[in-house]
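Step one of this worksheet: look at the structure below.
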Amino acid sequence: MLEINPARLWQSLMDLAQIGATEKGGVRRLTLTDTDRRGRDQFVAWCKEAGMTVEVDGIGNIFGRRAGTEADALPVAMGSHLDSQPSGGKFDGAYGVMAGLEVVRTLNDAGIRTRAPIEVAAWTNEEGSRFVPTLMGSGVFAGVHPLTEVLNQKDVEGISVRDALNQIGYAGKALPHKLGAYFEAHIEQGPVLEQTKTTIGVVQGALGQRWFDVAITGQDSHAGPTPMETRKDALLAASRLVIEVNRIATAFPDYARGTVGFMQVEPNSRNVVPGEVRMTVDFRNAKDATLSAMVEELERNVVSIEKETRTEITLQEVVYFPPSEFAPDLVDSVREGSKKFGYSHRDIVSGAAHDAVYMARIAPTAMVFVPCEGGISHNEIENARPEDIAAGCNVLLHAVLGRAGSA
């Protein structure tokens, strides 16, 4: 049975991890920086060594293409991203790109030609840690975001996406093209697979997400003379809102998640009642109707909190990803590949957004999850076992080959 080269895949990941390596074993490869350029250059070099042609589109997405025997057949693509969080790990994103590269290398070694072309994609700015929006490259490719609008986005230093692409030499000219299918291998970024001693996560889809920027306006006042019953304490309102976000996520079904991850308090002085708070709310759910119900519950509670705390609260929705359902036949191919190799496997839903979320809007899509140590990701200590990394790539290989067809 055809298998990938586990040592080669692992070495590629370790070599790539040297680009932007951190002291704790992670990587700092912020999108469109010189470090990102070096990672991109290495990927391009490996693609060319594997006999692939390489194209770059207007948002900097890189596509390595292995020709098929039918020139008009739509390509079967694999991929993920090379950019990282400021203190990221060496597997998040990079695994999906290197797994795709290893699939091509394995087909080359075996002398197997496919009917459909095969592509390996490295999407730009999946993390969104330097530029917004997140999933930028795949979002432009899928037609979710206009290219001209995204190119004008700026980082905190005022550098635009357009200028950053030009600075690193990855402002390409290729236009978006149709895909016959898309597969993405990824570490789970959560604890379920490891805790259940499962090798392969057969991903059914991804949770829908609704993100809000919240502004709470009260009134600054002296902490001593101002009676408790007359205060307009914005931080008190924020605290109650945090509790409600967590209560809602606990009370609702369908993989409900609720998070307040950012808070900014003004004037932030120990003897002043806070007059303003800016914070975020992140709701996620596997069903769009339940996700909407969670938001409606939040809105009702906002009215009560305003009245109780004598403050004004505004919610501005800044992100909405409907729940994603992956293609049943491609999901089945991941399940069947797991069975073929005798890998333990289970159905799972992705709690995080991935480039596959946007790809699912334009092409049949599936994902392969493998465990990560302690369920930890977006962290320098992120880790995965070589045998799990290899297993996920073997499943990917057979799923892709089944879709692309042997010539």
key: Residue-averaged 222 nm ellipticity for the chain, from DSSP H runs of 4+ at -39500 (n - 2.57), nearest 500   = -11000 deg cm²/dmol
query = Hey, in the GNM for the chain with a 10 angstrom Cα cutoff, which one of Ala234, Ala181, Ala99 fluctuates hardest?
reply = Ala234
query = Given the Cα-Cα distance of Thr259 and His222 and 0.36 nm per residue of separation, how much length would full extension add, in nm?
reply = 10.2 nm
remark   = Here the gain from full extension of Leu2 to Glu387, 0.36 nm per residue of separation minus their alpha-carbon distance, amounts to 137.0 nm
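Are there trypsin sites (Lys or Arg not before Pro) in the stretch 230-282 that DSSP puts in a loop and that have at most 16 other Cβ atoms within 10 Å, and which ones?
For trypsin sites (Lys or Arg not before Pro) across the stretch 230-282 that sit outside H, G, I, E and B with at most 16 neighbouring Cβ atoms in 10 Å, the list reads Arg270.
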inquiry  = Looking only at the chain, where both bridge partners belong to it, what percent of the DSSP beta bridges are antiparallel (to the nearest 5)?
reply    = 65 percent
query = So between Gln316 and Ser406, what do we pick up on full extension, going 0.36 nm a residue minus the alpha carbon distance?
reply = 27.4 nm
remark   = Among the DSSP H helices of the chain, those whose Cα atoms extend at least 15 Å along the helix axis and whose mean Kyte-Doolittle hydropathy is -1.0 or higher are 6-17, 94-110, 234-251, 288-309, 328-341, 386-404
query = For the stretch 208-321, what does the alpha-carbon gyration tensor say about shape, rounded, prolate or oblate, given a ≥ b ≥ c as the root eigenvalues, a/c under 1.5 as rounded, and a/b over b/c as prolate?
reply = prolate
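A short reminder: the numbers here are calculations on the coordinates, not readings from a lab. Here the structure is a predicted model, which is why all the values come from computation and not from measurement. Virtual Cβ from ideal backbone geometry, glycine too; neighbours counted across all protein chains shown.
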